[in-house]
Amino acid sequence: MGFINAIHKLSTEMNEKSYISPFLQDLNTNKTKFLEVFIEVDRLELPMKPLKLSGIALIELDDEPCEQQREKYLYKPLSGNVSWQYSPVFPTGSELCKKGIAPLEKIISKIRKKVFEDLEKQKLFTENAAEKIENLLFDAKETIDSTIDKNFKTTIIFGIEHKGKRYLPGELDSFRGYFNNKIQNDFKRLNNSTNCSLCLKEVQKVTNLSKIFKFATFDKLGFLPGLSSKSQLKVFPICEQCYRNLMYARRRIQTSFTNFYVIPSSDPFVEMWIIPEVLFLNSSSKKITKAVVIKNFEAYLHNNACMREKRMFDALQKQDATLNFHFLFIEKQQAKEGLMQVIEDVSPSHLKKIQSLWEKNSKKFTNSGSVLLDTCFSFLRLVYINDSESKRSVNTESKFRTQKAVELIAKLLRGERINTNGLKKEFVSRFPKIMHSGNYKTVINNQFRFIEFLEDYNREGTI
């Protein structure tokens, strides 16, 4: 579980505005516009009584993750069939892209059930407020329908207006308190105190790892020992502060250290998390802490456009021995997360060794091929997953090949030997199909190159 400790360390010197800040997530801005709807109320003290809708407008948000936006909107995604949201922010997905007024009417009914009924129940609004807001939205449905852009997904953000001043959810203590109360539901108070698995502090109020990482599922035996739903809080209990730390660190990984291009895919799609860890400091300056080293590395990746230009691994192999890396391959499908591979303690020198072998291979097989390590992994993935077809539909076979490609890259990163005889047999079994394609010479030549690179790696690159 070294990667969990490495993730936890990413929260060192966390400087968040409030208790709930680490839990706030960035809104998905991809092909999405945002409909702001303000509800005029009689007072800001609880419970608030809705009077009318005072403003409906479509806006766009910056693509870049922004702390200010997170604090204003209080967004945290929910999965499953729930009857509440962390704040009055409701992503509709592509439901409002459909023609006609009927999809909007369905959304309005959902908003009442999934947003405002619980806000009313928790006394943020007066009795019958959910029904009142639903009626106000139905009255304004023509305006809303003409305001939204049906070429984009829509997320609806509800704000409050009082005496001419407008407030977004994060600008009111009532909504921040509501968010915090929902977070507190993640904890359970034990009869007897136990030690937090990370900080070792003795506590009675704990949560479990699956609240942070959905792949840490306790209903599937094998992730951790001694598993059952009754014992999950005893297996890896986490205290309140460490829960905040891990949530902050997870968001930081997804913002700064997540790679989508090594295994490009969709439904399910595969993310690769890169978790940097500082092994030691090579500076005597008291100002240079491990947190500063990570921050400088994070800034280097951002300023050097490594992710955007698809050369993340090239940047990793250029680091010095003070840094170590852990890699997680996460398969995502809707709200589900599956842990495909965990690779711990990969040094920059090992990445450099793989890169030098790839450079040797590139010079042998091509005159102008890229020698970047990122290109190496992309090449291996393409050759293994594709045969005679330039594009493959997502089916059982392609999913299996994707899993095998991830396994192959994981072995390279770990420094493990790879069974090239098995790969040769597999490639030969594909020949009949390949020979019916127009590019069979290129495909077979790439397969030979693929095998030769791995055999060079087995001789020189394994640990």
For K287, state whether it is part of a loop (DSSP other than H, G, I, E, B), more than 30 Å from F431 (Cβ to Cβ) and either at pLDDT 90 or above or not assigned by TED's automatic domain parsing to the domain that holds A216 (or both).
yes
Would it be correct to say that N181 is touching a residue at least 12 places away in the same chain (Cβ under 8 Å), assigned to a helix (DSSP H, G or I) and loosely packed, with under 13 Cβ neighbours inside 10 Å?
yes
Pair list, Cβ under 9 Å, 6 or more apart: the range 299-310 residue more than 12 Å from S256 (Cβ to Cβ), other residue among the aromatic types (F, W, Y)
K310/Y261
Residue check for S146: under 30 Å from E67 (Cβ atoms), small (G, A, S) and assigned to a helix (DSSP H, G or I):
no
Listed by first then second residue, the pairs whose first member lies in the range 48-63 and is assigned to a strand (DSSP E or B), whose partner is of a type in the set (G, A, S), with beta carbons under 6 Å and at least 6 positions apart or on separate chains, are P50/A129; L53/A140
Please identify the pairs in which a residue from the range 135-159 that is more than 15 Å from K106 (Cα to Cα) has its Cβ atom under 6 Å from the Cβ atom of a residue that is surrounded by fewer than 17 Cβ atoms within 10 Å (Cβ to Cβ) and among the hydroxyl-bearing types (S, T, Y), counting only partners at least 6 apart or on another chain.
K153/S94
Would you point out which residue out of K441, K425, K399 is over 24 Å from the mean Cα position of the chain (by Cα), over 17 Å from F379 (Cα atoms) and not in a loop (DSSP other than H, G, I, E, B)?
K425
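Here are T92, T12: which of them is assigned by TED's automatic domain parsing to the domain that holds C239 and either closer than 30 Å to K295 by Cα or touching a residue at least 40 places away in the same chain (Cβ under 8 Å) (or both)?
On the way: T92 fails: assigned by TED's automatic domain parsing to the domain that holds C239.
From the options T92, T12, the qualifying one is T12.
Is it the case, given these coordinates, that F379 is part of a strand (DSSP E or B) and over 30 Å from S79 (Cα atoms)? Step through it out loud before you land on a result.
Working: part of a strand (DSSP E or B): no; over 30 Å from S79 (Cα atoms): yes.
Here the answer is no, as F379 does not meet what is asked.
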What are the pairs, 6+ residues apart or on separate chains, where a residue within the range 104-130 that is on the phi > 0 side of the Ramachandran plot has its Cβ under 8 Å from a residue that is surrounded by 19 or more Cβ atoms within 10 Å (Cβ to Cβ) and of a type outside the set (S, T, Y)?
N128/E120
Anything in the range 418-442 that is exposed (fewer than 13 other Cβ atoms within 10 Å of the Cβ), within 30 Å of V342 (Cβ to Cβ) and charged (D, E, K, R)? List them, or say none.
K425
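Considering only residues that are of a type in the set (K, R) and either out of contact with any Gly (no Cβ under 9 Å at 6 or more places or on another chain) or not in a helix (DSSP H, G or I) (or both), look in the range 359-376 and name the one that is surrounded by the fewest Cβ atoms within 10 Å (Cβ to Cβ). Lay out the reasoning, then the answer.
Initial filter on the range 359-376 (of a type in the set (K, R)): 360, 363-364.
Next, from what is left, pick out any that are either out of contact with any Gly (no Cβ under 9 Å at 6 or more places or on another chain) or not in a helix (DSSP H, G or I) (or both): 360, 364.
Values: K360: 15, K364: 12.
The selected residue is K364.
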Given the criteria crowded, with 18+ Cβ neighbours inside 10 Å, acidic (D, E) and either within 27 Å of R308 (Cβ to Cβ) or in the same structural domain as I274 (by TED's automatic domain parsing) (or both), does D456 qualify?
no
Would you tally the residues in the range 40-56 being farther than 14 Å from E120 by Cα and of a type in the set (A, V, I, L, M)?
4
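Pick out the one residue from S210, S193 that is in a helix (DSSP H, G or I) and not assigned by TED's automatic domain parsing to the domain that holds L46.
On the way: S193 fails: in a helix (DSSP H, G or I).
After ruling out the rest, the residue left standing is S210.
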When only residues in the range 292-336 that are within 14 Å of the chain's Cα centre (by Cα) and surrounded by fewer than 19 Cβ atoms within 10 Å (Cβ to Cβ) count, which is modelled with the highest pLDDT?
K332
Number of positions in the range 105-131 that are over 25 Å from K49 (Cβ atoms) and surrounded by 16 or more Cβ atoms within 10 Å (Cβ to Cβ)
0
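From the list E71, E67, E60, E16, which one is closer than 17 Å to Y248 by Cβ, of a type in the set (D, E, K, R) and exposed (fewer than 13 other Cβ atoms within 10 Å of the Cβ)? Break it down stepwise before answering.
Numbers: E71 fails: exposed (fewer than 13 other Cβ atoms within 10 Å of the Cβ); E60 fails: closer than 17 Å to Y248 by Cβ; E16 fails: exposed (fewer than 13 other Cβ atoms within 10 Å of the Cβ).
Matching residue, one of E71, E67, E60, E16: E67.
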Looking at the range 347-358, can you tell me whether even one residue there is modelled with pLDDT of 95 or more and among the charged types (D, E, K, R)?
yes
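Name the residue that is farthest from K404 (Cα to Cα), counting only residues in the range 325-350 that are without any contact (Cβ under 8 Å) to a residue 60 or more places away in the chain and touching an Asp or Glu at 6+ places or on another chain (Cβ under 9 Å). Before the answer, list the steps.
Restricting attention to the range 325-350, the residues satisfying the condition of being without any contact (Cβ under 8 Å) to a residue 60 or more places away in the chain are 325, 347-349.
From what's left, touching an Asp or Glu at 6+ places or on another chain (Cβ under 9 Å): 325, 348.
Values: F325: 22, P348: 24 Å.
Only one residue fits best here, namely P348.
The values are calculated or read from the model by the stated rules, or taken from the named source; none is laboratory data. Predicted model, so just to flag it, every value in this text is computed and none were measured. We place every Cβ from the backbone using ideal geometry, glycine too, and count neighbours over all the protein chains shown.
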